[in-house]
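The structure under discussion appears below in the form of structure tokens.
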Amino acid sequence: MSRGVVSEMRPEDQERWKELWRGYLHFYNATLPDETYRQTWARLMNKSGTLRGLCVRDRESGTIWGIIHFLLHETAWTDRMVCYLQDLFVAPESRGQGHGRRLIEAVAEEARRLDCARLYWLTQENNSTARQLYDRLASYGGFIRYDYKLR
Ligand SMILES: CC(C)(COP(=O)(O)OP(=O)(O)OC[C@H]1O[C@@H](n2cnc3c(N)ncnc32)[C@H](O)[C@@H]1OP(=O)(O)O)[C@@H](O)C(=O)NCCC(=O)NCCS
């Protein structure tokens, strides 16, 4: 039986979350100022906010192996909310043990509980490791993303 358990993050998890989120940003060659880490953590801790986060940790030692961020938003297609899964990261040394899958399933469970109409996410076409997992869990509908430069 796996020793991993998914839960919400607690105030004392801030440093480990920061380390893992930095790893995720690094994966996308992105950096963010310390202030953004602080603000984002405060938003994750605000249980009535839009941005939500979960982590998977060792049930015995409490070490966090991976994190996931998601949010709910409205849509014109239904009066129910839809769930957007945003950032998913598992520490390199803990991959291939089902933590990523477990985190996605936990978000799906929460989306069901909140009666969301849909759960969806984006990834880069060439992220074959992530897509290997996603292809087992969900379906690819052929959409691609465009980014309009606002500023
Ligand atoms: C994508 C990512 C979250 C997957 O996390 P993970 O904990 O390794 O995922 P899982 O173990 O649940 O699933 C990986 C799948 O690949 C298989 N796999 C086998 N060996 C593996 C290995 N060495 N590393 C990763 N996956 C492996 C697993 O068996 C599993 O398939 P299964 O669920 O059918 O058994 C992780 O690789 C990661 O953080 N990557 C960098 C950031 C990233 O790409 N995030 C997603 C952006 S959209």
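The values are calculated or read from the model by the stated rules, or taken from the named source; none is laboratory data. Not measured: the values here are computed from a predicted model. So basically every Cβ, Gly included, is an ideal-geometry build from the backbone, and we count neighbours across all protein chains shown. Each accessible area value is taken on the protein alone, full model and side chains, heavy atoms only, with ligands, DNA and RNA left out. Shrake-Rupley method; radii C 1.70, N 1.55, O 1.52, S 1.80 Å.
Remark: the residue 37-residue 3 segment gains 9.4 nm on full extension, using 0.36 nm per residue and subtracting the alpha carbon distance. Can you list the residues, at least 5 places off or on another chain, whose amide H is less than 5 Å from the amide H of residue 138, using H built in the peptide plane? Sorted by chain and number, the residues that satisfy this come to none at all. Going by a ≥ b ≥ c, the root eigenvalues of the Cα gyration tensor, does the range 4-137 fall in the rounded group (a/c under 1.5), the prolate group (a/b larger than b/c) or the oblate group? Rounded, because the longest to shortest axis ratio a/c is under 1.5.
Any chance you could check the Cα centroid distance between the range 111-129 and the range 35-60 for me, in angstrom? Cα centroid to Cα centroid, the span is 18 Å. Accessible area of residue 45 (1.4 Å probe, protein heavy atoms only, ligands and nucleic acids ignored): about 50 Å². Using a/c under 1.5 as the rounded threshold, could you call the range 94-151 rounded, prolate or oblate? The axes a ≥ b ≥ c are square roots of the C-alpha gyration tensor eigenvalues, and prolate needs a/b larger than b/c, oblate otherwise. In terms of gyration-tensor shape, oblate. Each residue of the range 135-151 is assigned a 3J(HN,Hα), and the resulting list reads 5, 7, 9, 8, 10, 8, x, x, 6, 10, 9, 10, 10, 8, 7, 6, 9 Hz, derived from the Karplus form 6.51 cos²θ - 1.76 cosθ + 1.60 (θ = phi - 60°), x at Gly and Pro.
Estimated from the Cβ-Cβ distance and a Förster radius of 35 angstrom, the FRET efficiency linking residue 115 and residue 63 is about 0.55.
For the chain, what does the accessible surface come to per residue with a 1.4 Å probe? Please give it in Å².
68
Only protein heavy atoms count here; on that basis, with a 1.4 Å probe, residue 128 has an accessible area of about 80 Å². With all protein chains in place and ligands, DNA and RNA left out, the 1.4 Å accessible area ranks 122, 88 as 122, 88, largest first.
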